[in-house]
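Colleague: Have a look at the structure that comes next, please.
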Amino acid sequence: MTAGLPDLSVDLGPLRLAHPLVNASGTLDLFEAAAALEEPALLREPPVAAYVPKTVTLRPRRGNEPPRIVETEAGLLNSIGLPNAGVEAFVEEELPRLLALPRPIILNVGGFSPEEYGLLAARLRRGVEALLGADPSAWTTRVGLELNVSCPNVHSGCISIGTDPAETRSAVAGARVEWPGLLVVKLTPNVTDIVPIARAAAEAGASALSLVNTFKGLVLDRVTLRPYLGGATGGLSGPAVKPLALRLVFEVAAAVGLPIVGMGGVCSVGDVLDFMACGARVVAVGAAGFRDPWLPARLVQELAHALADRRWTLADLIGCAHRGVKNPRNVLRPPTP
Ligand SMILES: Cc1cc2nc3c(=O)[nH]c(=O)nc-3n(C[C@H](O)[C@H](O)[C@H](O)COP(=O)(O)O)c2cc1C
């Protein structure tokens with residue numbers, strides 16, 4: 001507590017975060033933003049408690065045909081398709097500068113079969129060890145791994161993995177064998193019931209869950225009345241999805257005891273309060289960060305003041321929406337702050 005403001009630090013597995021605000025994968029490239037906006041402060045003092053780079057795959061990918069992104073009334077529809085140079089180039093070119101940032105890093109990987117998650121985790125572990133030392137205690141407090149089992153814009157592989165409990169279990173278990181540190185599993189909202197998938201991830205060794213990835217959607221070209229995006233369908237994010245995402249965080253927090261990274265349409269401190277009240281311990285800013293990469297830092301200040309106004313600690317806030325609620329899913333374990 002400084003100057004009457006509450007302590008905002010939170011633990012996410014072995015990572016100790018100074019506050020609960022991070023970025024959502026694929027929506028903030030700190031290096032590009034710092035260069036484009038001529039703001040080196042983004043690298044000196046990143047506006048997030050941990051930095052999550054975009055998804056890396058085993059092999060290089062070109063991504064989907066343009067156009068890849070379109071605005072909707074209250075959000076963004078994207079069909080980017082995970083373009084990246086592949087894990088070998090990532091380890092050689094990206095990892096050193098990521099590990100030099102003054103924040104913990106949560107690497108994010110996407111696979112096209114459950115086995116690929118183990119291969120990706122093993123390759124990243126070797127890369128991290130080469131830079132930070134082979135003893136896990138030298139780096140597991142600084143580097144975590146997020147498994148993107150939920151990208152809606154690739155037409156095989158990881159979309160189906162995150163919709164199927166057995167495949168999710170197998171992907172997570174494979175990565176767990178190779179990765180001794182924080183293991184976050186990023187869930188898709190594009191399922192009838194998210195709880196069995198969340199449970200499978202937890203049972204297979206996830207140390208936290210992040211939710212949600214984007215919702216499958218479609219925008220038509222106004223003139224041709226055909227799909228606008230090169231990938232035809234896309235993933236919807238932004239304010240339009242917030243109540244949908246909030247419901248999913250609420251349900252997963254009620255059913256699974258793991259820490260949750262909540263996201264989906266976060267723009268304001270009210271959104272941060274909502275996600276944390278529903279059980280998120282950490283909150284990620286996604287599409288809103290395109291407009292203002294400093295938004296997470298502002299939200300941290302506003303969160304501190306919002307808590308101080310209520311005379312609440314973070315522990316009072318996290319999961320408070322569940323207390324006293326008769327949930328049809330039967331609140332098995334109220335989320336622990
Ligand atoms: C342009 C764009 C690119 C994204 N790329 C990734 C990605 O590479 N990996 C990933 O796990 N999620 C990716 N996402 C999903 C976001 O991390 C987040 O889950 C989603 O956008 C919901 O948050 P929001 O409504 O605040 O944007 C992407 C989202 C957008 C809009």
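Coordinate-derived values only; no laboratory data. Note that this is a predicted model, so its numbers are computed, not measured. Every residue, glycine among them, receives a Cβ derived from its backbone with ideal geometry; neighbour counts consider all protein chains shown.
Colleague: Any idea what the dipole of segment 10-322 comes to, in debye rounded to 20, about its Cα centre with Lys/Arg Cβ at +1 and Asp/Glu Cβ at -1? Spell out each step's value before the answer.
Modeller: Details: 27 positive and 31 negative charges, 36 e Å.
It comes to approximately 180 debye.
Colleague: At what distance in angstrom do the alpha carbon centres of segment 184-222 and segment 261-321 lie from each other?
Modeller: 20
Colleague: Here is a further query. By a straight-distance test (C-alpha under 15 Å), which aspartates and glutamates pair with Lys242 as possible cross-link partners, with residues fewer than eight away in the same chain excluded?
Modeller: Within the straight-line limit of under 15 Å, Lys242 reaches these aspartates and glutamates: Glu73, Glu251, Asp271, Asp274.
Colleague: Give the relative contact order (percent, whole number) for the chain; include only Cα pairs under 8 Å separated by 6+ residues.
Modeller: Working: 779 pairs, mean separation 64.8, N = 337.
Worked out over the chain, it gives 19 percent.
Colleague: Which of rounded, prolate, oblate describes segment 200-336, given a ≥ b ≥ c as roots of the alpha-carbon gyration tensor eigenvalues and a/c under 1.5 marking rounded, otherwise prolate only if a/b is larger than b/c? Display every interim value, and only then the final one.
Modeller: On the way: a/c = 2.31, a/b = 1.44, b/c = 1.60.
Cα axes put segment 200-336 in the oblate bin.
Colleague: Excluding residues on the same chain fewer than 8 positions from Lys54, give the aspartates and glutamates whose Cα lies under 19 Å from its Cα.
Modeller: Asp29, Glu32, Glu65, Glu88, Glu92, Glu93, Glu94, Glu116, Glu146, Asp292
Colleague: How would you classify segment 1-146 from its alpha-carbon gyration tensor, with a ≥ b ≥ c the square roots of the eigenvalues: rounded for a/c under 1.5, else prolate if a/b is greater than b/c, otherwise oblate?
Modeller: Values: a/c = 1.72, a/b = 1.12, b/c = 1.54.
In terms of gyration-tensor shape, oblate.
Colleague: Moving on to the next point. Return the long-range amide H neighbours of Val285 (sequence gap of 5 or more, or a different chain), with a cut-off of under 5 Å between placed amide H atoms.
Modeller: Val22, Asn23, Ala24
Colleague: Within 10 Å, count the other beta carbons around each residue, average over each peptide in 302-309, 59-66, 119-126, 230-237, and list them highest first.
Modeller: On the way: 302-309: 16.4, 59-66: 14.1, 119-126: 20.1, 230-237: 22.2.
Averaged packing, sorted descending, gives the order 230-237, 119-126, 302-309, 59-66.
Colleague: Using a/c under 1.5 as the rounded threshold, could you call segment 10-322 rounded, prolate or oblate? The axes a ≥ b ≥ c are square roots of the C-alpha gyration tensor eigenvalues, and prolate needs a/b larger than b/c, oblate otherwise.
Modeller: Details: a/c = 1.17, a/b = 1.02, b/c = 1.15.
Judged from the Cα gyration tensor, segment 10-322 comes out rounded (a/c under 1.5).
Colleague: Work from the charge dipole of the chain (Cβ charges, +1 for Lys and Arg, -1 for Asp and Glu, about the Cα centre) and give the residue of Leu15, Gly75, Ala198 farthest towards its positive end.
Modeller: Ala198
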